[in-house]
Amino acid sequence: MTKQTEVEFIGDLSKNKFEELKKLLEKEGKLKKQKDRLSFMYFRDKIPKDLSEIKDEPVDLRFRVTNKQPEVIIKYGLFTASHARKEISIEMKPEEAEKYIDFLSCLGWNIGVIYAAKTYTYEYKGIEFSLVEIKDYGYNFEAEILTDESKAEESKKILTAELDKLGLKHFDKEGLNKQCNAINNKTDLQFDFSKQSFKEVRARFEEFF
């Protein structure tokens, strides 16, 4: 189990900008990992049509599988386009995935949205810089520094300066909510483990497991 403060800026990219940044980061950064990730993004009571409905919800709970390695992630703190949140990760063996899904169900966490993406993550000037291709949607960047809480504001300044140099603009809260709402409201990506089994949902995305 790990616990750190995540300082992260998120923004969208055109396909051309995605390719341009990929070339830059491959030349001047260091590829840390390539991720095929499936995320089950949970909501407490219902899937909101607009994230403004849960703007005061501090718990961001996810079950995700990254390169076939499952884990439960809790991010604690308000979700904005530039935020600092506590992050706790619990990894498990692949064969234990269903047990953890059942565990969350027993605690009342059943519903959410499935998010599939391919991510290229680079180390770039002390920043973890990710380029994200969202399946059936588009492209994003994520610029992140994991630090302790006392250095969160300093880390925000570092990220802002570097994004300016790269000509990138991160989402404001409204922009981020707009993208999240578009994905969350795709009914074919929604799940409810009180009405369907994990095996049923897993079968649709077997390539991630």
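The values are calculated or read from the model by the stated rules, or taken from the named source; none is laboratory data. Please read all numbers here as calculations on a predicted model, not as lab measurements. So basically every Cβ, Gly included, is an ideal-geometry build from the backbone, and we count neighbours across all protein chains shown. Heavy atoms of the whole protein, side chains included, go into the accessibility calculation; ligands, DNA and RNA do not. Shrake-Rupley method; radii C 1.70, N 1.55, O 1.52, S 1.80 Å.
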Notebook entry, point to check: Can you list the HN-Hα couplings for the stretch 187-195, worked out from phi with the Karplus curve (6.51, -1.76, 1.60; θ = phi - 60°), rounded to whole Hz and with x for Gly and Pro?
Noted result: 4, 6, 9, 8, 9, 8, 6, 7, 10
Next item on the list: Putting +1 on Lys and Arg Cβ atoms and -1 on Asp and Glu Cβ atoms, find which of LEU131, VAL72, LEU51 reaches farthest to the positive end of the dipole of the chain.
Entry: LEU131
Check: With +1 on each Lys and Arg Cβ and -1 on each Asp and Glu Cβ, how big is the dipole of the chain about its Cα centre, in debye rounded to the nearest 20?
Finding: 320 debye
Next item on the list: Could you list which residues have their amide H under 5 Å from that of GLN4, counting only those 5 or more apart in sequence or on another chain, with H placed in the peptide plane?
Entry: GLU87
Note to self: On C-alpha positions alone, give me the angle between the axis of helix 152-166 and the longest principal axis of the chain, in degrees, nearest 10.
What the structure shows: 60 degrees
Notebook entry, point to check: Roughly how many Å² is the accessible area per residue of the chain, as a whole number, for a 1.4 Å probe?
Noted result: 55 Å²
Item checked: For the stretch 38-44, 3J(HN,Hα) per residue [Karplus equation, 6.51 cos²θ - 1.76 cosθ + 1.60, θ = phi - 60°, Hz, x = Gly/Pro] -> 10, 10, 9, 9, 8, 10, 5
Check: Whose amide H sits under 5 Å from the amide H of LYS32, counting only residues 5 or more places off or on another chain, with H placed in the peptide plane?
Finding: THR121, TYR122, GLU123
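What number, rounded to the nearest 500 deg cm²/dmol, is the helix-based mean residue ellipticity at 222 nm of the chain, given -39500 (n - 2.57) per DSSP H run of at least four residues and division by all its residues?
-8500 deg cm²/dmol
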Notebook entry, point to check: Among LYS33/LYS75; LYS75/LYS135; LYS27/LYS186; LYS99/LYS169; LYS68/LYS173, which pairs are too far apart, with a Cα-Cα distance over 29 Å?
Noted result: LYS27/LYS186; LYS99/LYS169; LYS68/LYS173
Next item on the list: Can you tell me how much longer the chain between GLU91 and GLN196 gets when fully stretched, taken as 0.36 nm per residue apart minus their C-alpha distance, in nm with one decimal?
Entry: 35.4 nm
Next item on the list: List, in order, the whole-Hz ³J(HN,Hα) value for each residue of the stretch 26-34 obtained from phi through the Karplus relation with A = 6.51, B = -1.76, C = 1.60 and θ = phi - 60°; use x for Gly and Pro.
Entry: 5, 7, 9, x, 10, 5, 8, 6, 10
Next item on the list: Please work out the Cα center distance from the stretch 105-169 to the stretch 21-62, rounded to the nearest Å.
Entry: 7 Å
Next item on the list: Find the relative contact order for the chain and round it to a whole percent, using C-alpha pairs within less than 8 Å whose residues are 6+ positions apart.
Entry: 32 percent
